[in-house]
Amino acid sequence: MTYDDQNIFARILRGELPAIKVYEDDQVLAFMDIMPQADGHTLVVPKTPAITLMDLPPEAAAYTIQIVQKVAKAIEKGLGVSGAAAGQTVPHIHFHLVPTSLHNLGKHAAQMGDQEKIKALAEKIKAAL
């Protein structure tokens, strides 16, 4: 897939579309989601054109996560919501990488998955590493 410089985030970054900005510097922009899943739903986007995490240069990815942490701390301080209060079910930092359409997304932690299928998928991922 080729990067589309007319995507909504690229247009926001260029100032062609409005955004309720929370933070901005020369490498990233953080702004409020206009269709939030919860109060305080904030997006942090790198200014480096990249479709996925895998397309982002390591330096840009490292810097972006630093700003994600900075904004998350501000959300926690400003709104008083973090961790379990924000729905975190395992008290250890983690990221969700969900390789499916939101239309196919099941409810998180609703039922145990097929362990053999999960193991087979893990092997495919390990083989790709």
Q. What tally of residues in the range 46-68 results from selecting those that are open to solvent by 80 Å² or more (accessible area, probe 1.4 Å) and modelled with pLDDT of 95 or more?
A. 5
Q | Qualifying positions in the range 11-33 - of a type in the set (Asp, Glu), surrounded by 12 or more Cβ atoms within 10 Å (Cβ to Cβ) and assigned to a loop (DSSP other than H, G, I, E, B) | A | Asp33
Q: Could you list, in sequence order, all residues of the range 79-102 that are modelled with pLDDT of 85 or more and open to solvent by less than 90 Å² (accessible area, probe 1.4 Å)?
A: Gly80, Val90
**Q.** Residue check, Glu76 open to solvent by 60 Å² or more (accessible area, probe 1.4 Å), at pLDDT 95 or above and over 29 Å from Leu121 (Cα atoms)
**A.** no
Q) Can you find a residue in the range 65-75 that is in contact with a helix residue (DSSP H, G or I) (Cβ under 9 Å, 6 or more places away or on another chain) and closer than 22 Å to Ile20 by Cβ? A) yes
(Q) Every residue in the range 103-129 that is at pLDDT 80 or above, over 18 Å from Val90 (Cα atoms) and open to solvent by 100 Å² or more (accessible area, probe 1.4 Å), please. (A) Glu116, Lys117, Lys119, Glu123, Lys124, Ile125, Lys126, Leu129
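The values are calculated or read from the model by the stated rules, or taken from the named source; none is laboratory data. Keep in mind that what you see is a predicted model, and the values were worked out from it rather than measured. Here the Cβ is made from the backbone with ideal geometry for all residues, glycine too, and neighbour counts use every protein chain on show. These accessible areas exclude ligands, DNA and RNA; they are computed on the full protein's heavy atoms, side chains included. Shrake-Rupley method; radii C 1.70, N 1.55, O 1.52, S 1.80 Å.
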